[in-house]
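The values are calculated or read from the model by the stated rules, or taken from the named source; none is laboratory data. Just so it is clear, the structure is predicted and the values come from calculations on it, not from any experiment. Cβ placement follows ideal geometry from the backbone for every residue including glycine, while neighbour counts extend to all protein chains displayed. We work out accessible area using only protein heavy atoms, side chains counted, and drop any ligands, DNA or RNA first. Shrake-Rupley method; radii C 1.70, N 1.55, O 1.52, S 1.80 Å.
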Amino acid sequence: DDPRPTQLITETETDSQGEFSSEVGVHYGTFLIEVIGGKSKELLTGESIALDPTARLAAVITIFADEKAAIWITPMTTLAEALGNARLARGDKEPTYREAHERALQLVGAHFGDVNEPARTRPADLQFEVNDVLNEGVRSSLIMAAMSSLSVRIAETSDVSANVVNTVVLTEALAADLASEEALFDGTSADGEVTIGACPVPDPCSDTACST
């Protein structure tokens, strides 16, 4: 059987800290959890961001019977969800939804900080929890901080606000890359070359001596 999620189990809203809880009753198996729209904060700057109503983060996770699971939905889990869908669509990778997404979580976790279970790893608070142990929670947070730093740089270079370019926008661009039929980071989405922000026109005198 291919236990892909097909039934809406529950809907809820996050609190001011971005946390939520939800009862799924007697249901167990493979769940797709989505976070849509709302507000966020850029990790590097703390700037409040009004996300596009269609902005989306996601995680695919297997929950067993009678399990009370703590799940973190992050850029890494969102990338893994895109990769899992692409691997399944290829037809030459894992044969089921669950297996494709479990493998995708492994691959993305290994690529970004060697985090074994991204959806079950609580990111550390880098202001208060950093110590000599570079554990998976710290590594997960460092990856998100790096993505935030890159987003801020792209926004500054493009002369746009964080509402236009932010970590969620960057995550969506990377997810579009992984979601294409190659199921690889190759800079190409189903719509063509992946781009974010805008590059300034180079100064023609930047590398040469100009005279008037």
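Relative contact order for region 131-187 using alpha-carbon pairs under 8 Å, separation at least 6, rounded to a whole percent?
Over region 131-187, the number comes to 21 percent.
Taking only complete DSSP H runs, can you tell me which helices of the chain stretch 30 Å or more along their own long axis by Cα positions and average at least 0.5 on the Kyte-Doolittle scale? Span-like helices here: 136-158.
Protein heavy-atom surface of the chain, 1.4 angstrom probe: 50% of the accessible area is carbon and sulfur, with nucleic acids and ligands not counted. Charges were assigned to the Cβ only: +1 to each Lys and Arg, -1 to each Asp and Glu. The resulting dipole of the chain about its Cα centre is roughly 160 debye.
Per residue, the chain exposes an accessible area of 63 Å² to a 1.4 Å probe, with every protein chain left in place. The spread of Cα positions in region 29-104, taken along each principal axis and listed from longest to shortest, comes to 42, 33, 22 Å. The residues neighbouring Gly187, those whose beta-carbon lies less than 9 Å from its own, together hold a net charge of -3 under the Lys/Arg +1, Asp/Glu -1 convention.
A Stokes-Einstein calculation at 25 °C with viscosity 0.890 mPa s, built on the Kirkwood radius of region 84-161 over Cα pairs, returns a diffusion coefficient of 170 µm²/s. Across the chain, Cα pairs under 8 Å and at least six residues apart give a relative contact order of 17 percent.
The protection proxy used here, the mean number of other Cβ atoms lying within 10 Å of each residue, ranks peptides 77-87, 137-147 as follows, highest first: 77-87, 137-147. Taking only the C-alpha atoms of the chain, Rg followed by Dmax gives 19.2, 78 Å.
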